[in-house]
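**Student:** Got a structure here, written out as structure tokens. Questions coming.
The values are calculated or read from the model by the stated rules, or taken from the named source; none is laboratory data. Note that the coordinates shown come from a computational prediction; the quantities given were computed from them, not determined experimentally. Cβ placement follows ideal geometry from the backbone for every residue including glycine, while neighbour counts extend to all protein chains displayed.
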Amino acid sequence: MAIPRPTLLGLAIALAFAVAPAFAAGENEIPPSDKASNALYWQGQTALKQSDWPAALQRFTEMEKLLRQNEPRSVDAALYWEAYTLAQAKRTTEANRVIEHLRREFPDSRWSRDADALLARMQPATKLDPGLADEELADIALQGLLNAPPERALPLLKKVLAGQRSIETKKRALFVLSQLGTDDAMNVVLDVAKNASEPELRHEAIRMLGVSGAKTAIERLTDIYASSKSTDEKESVIQAWLIASRKDLVLKTARNESDPAVRRKAIETLGAMGASDELRELFDATQDAGNRHAIIDSLGVAGNTSALTSIAGNKSLPEDERVEATRSIGIAGGRGALVDLYAKADTPALRDAVLQGLLITGDSAAVTKLYREARTTDEKKALLRVLTTMGGDQAFDAIEYQLDQPEKK
């Protein structure tokens, strides 16, 4: 999914000058380990990147429901992202309520600091301490350099990067450099990417090369990737390619990278880019089981229901791959496909995967219909558990229906 240039510029501004970047949350940016929840996380992050707040909130809410079932210790992550999305959508009252919920349920959460910072940013401005006031003045000055001639802006920006300013101020200076559009400015960003002593600043410089989108910047990113021995650095380059909409480079990495962690990052990024055709081609070309599972997850994030349905219904494939594809159909939003697959599911694991997919889609009407048509007690139990997890009127109707049944003697 290519990012139009106006949207890309909006993303660049968000990355550099907004309250917080829409595609990162600092040190806690760790997706959940549950695969279906992980896919929802990346789909939510993609929606955030596109400023599609309703879609992002839906995905993080679905992620919360799934985590409560499969990985309850990680629910705090979903709550934080729900609050973050609400804050971005200017729904501050609701965001405050979610943060309070996070604090009550997870008093020792690793997300507490991020949540507190988010809460502080939503509060009306109060008297600033001198240090913070100075920081804000520096940020305003840097923003003003976006309209300055490059030859006048460049020396000032280099001075900021070489001085004792905070990392955040230096990041903003890197953003301005990425927008100047000159080789000299790109050389400064490249120098920071290669030589800065602070890893956080190096990674930010790499991202800013992607924000620039210039041909020379992309070439330099490729050089950094080729010469790097750091997994973190390579993953930062992949993120920069995502921002620059370079599916070709991400696909090449997914095909050829020897580091499994980096290769997995590339595959996940293809999903976030909506690279459905590339992912299906990659699935057919690889025999590595781990890669195939990662590709299936990314097909769900990319929304490729047809490819996933084909994999799920292919009886010649291993059952675990078919199960993964079935769950991922829920992430892709393929409600009708899941109902069709339920009737064809030839193993208990595949039937359970359909139910997990329907839980992700929130299609309680379809689950209710399956529940009323179920022929065995075990099948009814499984469907009723899914309905009660979903909640809502359909679940209540099913509960009422079941309790109204005469007790068997």
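**Student:** Output the number of the condition that Q43 fails; it satisfies all remaining conditions of (1) over 15 Å from A272 (Cβ atoms); (2) touching a residue at least 12 places away in the same chain (Cβ under 8 Å).
**Tutor:** Answer for Q43: the failing condition is (1).
**Student:** Out of the residues in the stretch 327-359 that are part of a helix (DSSP H, G or I) and polar (S, T, N, Q), state the one that is surrounded by the most Cβ atoms within 10 Å (Cβ to Cβ).
**Tutor:** S328
**Student:** Scan the stretch 360-369 residue by residue and report those that are of a type in the set (A, V, I, L, M), out of contact with any Gly (no Cβ under 9 Å at 6 or more places or on another chain) and surrounded by fewer than 24 Cβ atoms within 10 Å (Cβ to Cβ). Don't jump to the end; show me each part of the working.
**Tutor:** In the first step, residues of the stretch 360-369 are kept if they are of a type in the set (A, V, I, L, M); the result is 360, 365-367.
Next cut, out of contact with any Gly (no Cβ under 9 Å at 6 or more places or on another chain) only: 365, 367.
A365 - this is the single residue of the stretch 360-369 that is of a type in the set (A, V, I, L, M), out of contact with any Gly (no Cβ under 9 Å at 6 or more places or on another chain) and surrounded by fewer than 24 Cβ atoms within 10 Å (Cβ to Cβ).
**Student:** Same structure, new question: Please work out if A205 is at pLDDT 90 or above, within 20 Å of V250 (Cβ to Cβ) and among the small types (G, A, S).
**Tutor:** Numbers: at pLDDT 90 or above: yes; within 20 Å of V250 (Cβ to Cβ): yes; among the small types (G, A, S): yes.
Yes: the conditions hold for A205.
**Student:** Before we move on, is E324 within 20 Å of N70 (Cβ to Cβ), surrounded by fewer than 23 Cβ atoms within 10 Å (Cβ to Cβ) and out of contact with any strand residue (DSSP E or B) (no Cβ under 8 Å at 6 or more places or on another chain)?
**Tutor:** Numbers: within 20 Å of N70 (Cβ to Cβ): yes; surrounded by fewer than 23 Cβ atoms within 10 Å (Cβ to Cβ): no; out of contact with any strand residue (DSSP E or B) (no Cβ under 8 Å at 6 or more places or on another chain): yes.
Judged against the criteria, E324 is not a match.
**Student:** For the stretch 294-306, does any single residue satisfy the condition of being part of a helix (DSSP H, G or I), under 20 Å from the mean Cα position of the chain (by Cα) and over 30 Å from T231 (Cβ atoms)? So that I can check it myself, show each step before the final result.
**Tutor:** If we filter the stretch 294-306 for residues that are part of a helix (DSSP H, G or I), which is where we start, we get 294-302, 305-306.
In the following step, the residues that additionally are under 20 Å from the mean Cα position of the chain (by Cα) were identified as 294-302, 305.
This time we only want the ones that are over 30 Å from T231 (Cβ atoms), so: 305.
Yes, the stretch 294-306 contains a residue that is part of a helix (DSSP H, G or I), under 20 Å from the mean Cα position of the chain (by Cα) and over 30 Å from T231 (Cβ atoms).
**Student:** Only one of these conditions is not met by G303: (1) surrounded by fewer than 22 Cβ atoms within 10 Å (Cβ to Cβ); (2) modelled with pLDDT of 90 or more. Which number is it?
**Tutor:** All conditions pass for G303, except number (2).
**Student:** Take the residues in the stretch 377-409 that are β-branched (V, I, T) and modelled with pLDDT under 80, then tell me which one is farthest from E319 (Cα to Cα). Step through it out loud before you land on a result.
**Tutor:** Going through the stretch 377-409, the residues β-branched (V, I, T) turn out to be 377, 386, 388-389, 399.
Now drop any that are not modelled with pLDDT under 80, which leaves 386, 388-389, 399.
Numbers: V386: 22, T388: 28, T389: 26, I399: 32 Å.
If we take residues in the stretch 377-409 being β-branched (V, I, T) and modelled with pLDDT under 80, then I399 is farthest from E319 (Cα to Cα).
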